Amino acid sequence: MSKSERPPRPGLSPLRAIGSLWFAAVILLLLSVAMACATVFESAHGSEKALAFFYKSWWFKTLLGLLAVNAGAALAVRYPFSRHQIGFVMAHGSILLILAGAWVTQKLGIDGRVSIVEGQSVADLTIPQDVFVLESRSSKSSMEINPPPLLDAGTVKVPGQPAVSAESVRAEVLEFAFDSTARTEMRNDNPHASLAIEVSFSETGTDEPAWVPAGQAGTVGEVQVACIEITDEQELEKRASTAPAAEGDGTRTVRVEYQGTAYQLNVDDCIAATQPVGNTGMTLRVLRYLPHATVAGRGQITNASNQPVNPAIEAELSGPQGIETRFAFARFPDFQSMHGNLRNQDVKLILVATVDQDVHAPVEILVGPDDQLHARFTSGRDSFFSKLQAGTPLQTPWPQRKLGVSRVFKNARPHRIVSPSAHSHAEPRPAILVRLTSGQEKTDIWLQKYSDQPVVLSGHTYRLEYDDKTIPLGFKVALDAFRIGNYPGTNRPRSYESRITITDPASGRVESRVISMNHPTSYGGYTFYQSSYRQTGQHTASVLSVSRDPGKPIVFAGYGLMMFGVLLVLINRLKSTAGQAPETASRDGKEAL
């Protein structure tokens with residue numbers, strides 16, 4: 001029969017076409033191209049955008065869905081299955097199992113983090129899901145935000161977001177900004193008394209003013225300025241005539257804790273000469289005492305004044321493991337244990353000294369009764385006191401520098417103003433545009449992520465918050481201790497280790513665990529990984545990644561089933577090839593005869 005005389009091939013049914021090998025090859029090719037493009041895109045724009053534009057996009061999920069349909073159709077057209085098709089069924093069934101596990105992970109899995117400060121505990125974890133919160137005095141409502149992905153800085157409409165209500169106010173999210181900037185202006189409309197002054201420290205006494213609230217100190221120009229509110233005339237006169245506390249004020253001791261025993265040493269004695277620490281074989285010498293320790297440029301610790309605002313010592317400790325220099329602060333006894341690479345890990349230095357709890361700075365502005373203004377300048381041991389008038393700059397002890405107070409607010413309220421940024425920063429801060437409606441009154445306000453803002457509408461105060469979503473763990477995790485291991489001879493971190501205590505109120509269990517970079521721990525269906533750490537003031541917070549993946553066992557079962565199925569297919573092919581070889585040899589022999 002010639003080629004043209006061969007009967008035409010019967011047409012494939014739609015199900016057979018969907019489950020065909022060529023359709024599977026097309027889908028796999030498209031998935032391979034998509035993942036290759038995603039890899040290149042991720043290197044240029046980061047993992048978060050790659051997830052949004054590729055792996056979490058509707059078209060990528062459609063390709064995975066078509067792969068599942070192809071595998072299911074391939075099984076359907078071959079049903080009922082013969083004994084020789086078991087390997088084929090297992091291989092294609094494993095694809096469905098893996099995709100099902102991935103779907104379970106997406107729907108029910110959790111990837112988040114917890115940040116715990118030493119000595120504190122948490123009962124919630126944070127997940128990367130944007131949440132907007134509207135809160136009033138009597139009610140609180142929230143909603144999840146699903147903004148479309150953005151490649152660069154800019155704004156985009158956010159359609160289809162549900163509105164939330166609290167009391168008589170309705171809030172809806174209109175726009176999303178990938179990056180934003182914020183500035184704070186002071187308003188004099190606080191319903192409660194709250195003093196703040198606008199200060200300038202410059203050549204003219206009017207340039208670059210900054211607001212300093214009462215009871216606080218802030219940087220104005222290149223100097224620290226404190227605002228102190230005084231309501232009593234006698235107290236004002238007392239402060240005007242009192243010089244800063246002398247350096248030798250009070251008794252100062254340093255406590256050396258070693259192997260459960262504490263040794264008390266006088267600081268002045270340790271300054272005069274090296275002192276032995278009991279019978280431990282160690283010695284201590286105080287190199288300098290700083291009544292008002294502060295951090296200057298390049299991280300250097302220097303003394304700002306002779307007032308005991310932040311007493312500290314720099315000491316030289318000699319012990320069996322060598323000589324090392326340490327700092328000890330009266331306000332922060334655990335400072336040295338959280339910083340630096342200590343040789344004598346079992347030795348702890350604690351400075352015991354009188355601490356002045358009042359706010360102090362080189363420049364102090366005293367606001368007395370009837371808005372009387374006075375300025376006190378402290379430079380080393382010298383102190384200068386002078387009257388000050390709002391709007392009239394005052395010459396200071398610093399050359400070519402004048403101090404000026406332009407405004408005094410008795411009902412100060414900081415108001416945060418957020419605006420979208422046209423340029424993307426290294427660490428972008430997203431923002432949302434929220435419209436608040438109360439009757440006929442409407443107001444639009446930009447709200448920056450990881451911040452909250454009070455808003456007054458129709459005579460009532462509401463709180464707006466834009467943050468990540470938190471969910472309860474069902475148990476508490478406390479950080480007992482956090483340790484940083486450095487590379488020998490350097491301050492570069494090599495490893496992190498968190499010692500935690502898990503308290504489960506439901507079962508009453510209390511367990512202690514250790515989490516390091518390569519040793520996670522699991523509890524309550526969650527797995528905790530040591531991720532990083534951050535400084536929170538003078539305390540260290542351990543950052544743990546937390547995951548719950550209920551689809552993982554399903555995916556692993558799919559991998560195992562696929563390997564076993566492919567192995568059976570290969571065995572059947574080898575048996576079939578071995579069985580066909582004798583028949584072919586016999587047929588060839590007959591033809592030869």
Suppose we filter the stretch 204-230 for residues that are among the charged types (D, E, K, R) and in a strand (DSSP E or B); how many remain? 1
Flag for Ser542 being touching a Gly at 6+ places or on another chain (Cβ under 6 Å), polar (S, T, N, Q) and not assigned by TED's automatic domain parsing to the domain that holds Trp103: no
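With respect to Asp179, determine if the residue is outside the structural domain of Phe41 (by TED's automatic domain parsing), buried (at least 18 other Cβ atoms within 10 Å of the Cβ), touching a Phe, Trp or Tyr at 6+ places or on another chain (Cβ under 9 Å) and farther than 30 Å from Ile228 by Cβ.
no
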Based on what the data block shows, is Phe201 under 23 Å from the mean Cα position of the chain (by Cα), surrounded by 18 or more Cβ atoms within 10 Å (Cβ to Cβ) and not in a loop (DSSP other than H, G, I, E, B)? no
Given Asn146, Asn188, which one is among the polar types (S, T, N, Q) and surrounded by 13 or more Cβ atoms within 10 Å (Cβ to Cβ)? Asn188
Any residue at all in the stretch 463-485 that is in a strand (DSSP E or B), at positive phi and of a type outside the set (Phe, Trp, Tyr)? yes
For the stretch 444-462, name all the residues that are surrounded by 14 or more Cβ atoms within 10 Å (Cβ to Cβ) and assigned to a strand (DSSP E or B). Ile445, Trp446, Leu447, Gln448, Ser451, Asp452, Gln453, Val455, Leu457, His460, Tyr462
Restrict the check to the stretch 411-428 and report whether at least one residue is of a type in the set (Val, Ile, Thr), surrounded by 12 or more Cβ atoms within 10 Å (Cβ to Cβ) and over 30 Å from Arg170 (Cα atoms). no
Please find, within the stretch 486-503, the residue that is farthest from Asp124 (Cα to Cα) out of those that are touching a residue at least 40 places away in the same chain (Cβ under 8 Å) and in a loop (DSSP other than H, G, I, E, B). Thr490
With the requirement that a residue be in contact (Cβ under 8 Å) with a residue 40 or more places away in the chain, part of a strand (DSSP E or B) and under 13 Å from Arg170 (Cα atoms), what does the stretch 429-443 give you? Val434, Arg435, Leu436, Thr437, Ser438
Looking only at the stretch 504-528, how many residues end up being assigned to a strand (DSSP E or B), within 12 Å of Leu473 (Cα to Cα) and not aromatic (Phe, Trp, Tyr)? 2
Would you confirm whether or not the stretch 150-161 contains a residue that is within 21 Å of the chain's Cα centre (by Cα) and surrounded by 15 or more Cβ atoms within 10 Å (Cβ to Cβ)? no
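From Asp111, Asp130, Asp124, grab the single residue that is closer than 30 Å to Val164 by Cβ, of a type in the set (Asp, Glu) and surrounded by 17 or more Cβ atoms within 10 Å (Cβ to Cβ). Break it down stepwise before answering.
Values: Asp111 fails: surrounded by 17 or more Cβ atoms within 10 Å (Cβ to Cβ); Asp124 fails: surrounded by 17 or more Cβ atoms within 10 Å (Cβ to Cβ).
Step by step, each of Asp111, Asp130, Asp124 is checked, and only Asp130 is closer than 30 Å to Val164 by Cβ, of a type in the set (Asp, Glu) and surrounded by 17 or more Cβ atoms within 10 Å (Cβ to Cβ).
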Any chance Tyr529 is in contact with a Pro (Cβ under 6 Å, 6 or more places away or on another chain) and within 18 Å of Asp124 (Cβ to Cβ): yes
Would it be correct to say that Val405 is part of a strand (DSSP E or B), among the hydrophobic types (A, V, I, L, M, F, W, C), modelled with pLDDT of 90 or more and assigned by TED's automatic domain parsing to the domain that holds Asp371? yes
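The values are calculated or read from the model by the stated rules, or taken from the named source; none is laboratory data. What you see is a predicted model; the values in this text were computed from it and never measured. Backbone-built Cβ (ideal geometry, glycine too); neighbour counts: all protein chains shown.
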